[in-house]
Amino acid sequence: MDRVLKGLPVQQEKQTATTVARATAVSPRRGPCHRSAQSHGLRFNDQNCENLSLASNISGLQCNASVDLIGTCWPRSPAGQLVVRPCPAFFYGVRYNTTNSGYRECLANGSWAARVNYSECQEILSEEKKSKVHYHIAVIINYLGHCISLAALLVAFVLFLRLRSIRCLRNIIHWNLISAFILRNATWFVVQLTMSPEVHQSNVGWCRLVTAAYNYFHVTNFFWMFGEGCYLHTAIVLTYSTDRLRKWMFICIGWGVPFPIIVAWAIGKLYYDNEKCWFGKRPGVYTDYIYQGPMILVLLINFIFLFNIVRILMTKLRASTTSETIQYRKAVKATLVLLPLLGITYMLFFVNPGEDEVSRVVFIYFNSFLESFQGFFVSVFYCFLNSEVRSAIRKRWHRWQDKHSIRARVARAMSIPTSPTRVSFHSIKQSTAV
């Protein structure tokens, strides 16, 4: 990304100088006085370079003093020497680091090498350019993370869809959480691909609908995580039988409750902050807290749930080795990992990284990584590392292998010739031998 000066051939100097002179001659903004001043400045540079060369006594074969196209003076130098000069401070309005150096070889025949090595001369980025560079890197991280997450989520969704043998309430909750993340990632791509600056300014109806859909699926992520916490808290802390829990209860929590929240937010946006496709917020207007508040609330409740769950697991269930308890422990471990991932990324929006450049860069990259890879982590912990899922896949694989091997044996058996003539001859031969 750093912009560097490449090696420039000396043969291009005269041609480039001629081109510059022609461009100056036809330019209506530059008169004869400017042209004479420009040429006088070039001769002045040559003279300075020659004076610098005269300061050192050199005998024998040597390269004459020369000023290259960039304006770097290469003083008279003995043949066979590699000459080192500081990088230019400015070139085409771009600042370069003068503590680095350019290199040019004085050849054995007393002529300068055709190219100058300016590879170490790197551009000094302004704060604005640095911000743009970090922004573009963060965008790449976001796209990469969302692509990987969406692919992993789709695989996990298909696994839960196909493996009917593991469809208990706990895994159905996992399945719905993964579905919510798929829809959120899909709408993220829709937002990125359709929300141009022109669309933002026009504030058309469909772009506001896309924003509302994205925020709705964002909220459903948190409420399905809340459903995960409710299930574990009910089963472990309250010691209720999970048979009393119904699927429709969690569907109402995960998909139903966020809907009126987003409707209320949309009404608030429509009346108080109806601009830029409902992205961002106007100073002094707090309509976004209509949906952000419930998200923070369920996040805090989940932290309380997890505290109680871990406390119970560390005391009462430590000695228990039943398969159900082992599954609860694994679910708690997954939730302990995922909840901070979900919570930290959201809480980061309320953190000020400060004025320090390093802090801001770390904040941008850390937030981009966690925000975009959430779906991947959910897929890994709730599906790919799920022992029930892995066991069901293993059984299906063994069944497929057995079925395939049986078909292969049947096919081989069917391919053995069994004509009556051959059978009779074989039996006659056996009877004769006896």
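Bear in mind that the values in this text are calculations on the coordinates, not laboratory data. Small disclaimer: the values here were computed from a predicted structure and weren't measured. Glycine gets a Cβ as well: all are built from the backbone with ideal geometry, and neighbour counts include every protein chain shown.
At full extension, VAL190 and CYS252 could sit 19.7 nm farther apart than now, given 0.36 nm per residue minus the alpha carbon distance. Extension gain for the segment ILE301 to TRP400, taken as residue separation times 0.36 nm less the Cα-Cα distance, is 31.2 nm to one decimal.
In order along region 152-165, the phi-based Karplus estimate (6.51 cos²θ - 1.76 cosθ + 1.60, θ = phi - 60°) of 3J(HN,Hα) comes to 5, 5, 5, 4, 5, 4, 5, 4, 5, 5, 7, 8, 6, 5 Hz; Gly and Pro are listed as x. Taking a spot 7 Å from the Cα of VAL199 along the direction of its beta carbon, which residues of region 213-250 have an amide N less than 18 Å from it? Correct set: 213-218. Stokes-Einstein diffusion for region 71-126 at 4 °C, viscosity 1.567 mPa s, with a Kirkwood radius from C-alpha pairs, works out to 108 µm²/s.
Simple spin-label estimate for LEU82 and ALA411 gives 6.5 nm between the two label positions (7 Å along the Cα-to-Cβ direction from each Cα). For ALA65, the residues 5 or more places off, or on other chains, whose built amide H falls under 5 Å of its own are ARG76. Could you work out the local net charge near ILE262, counting Lys and Arg as +1, Asp and Glu as -1, over the other residues with Cβ closer than 14 Å to its Cβ? Result for the local shell: +2.
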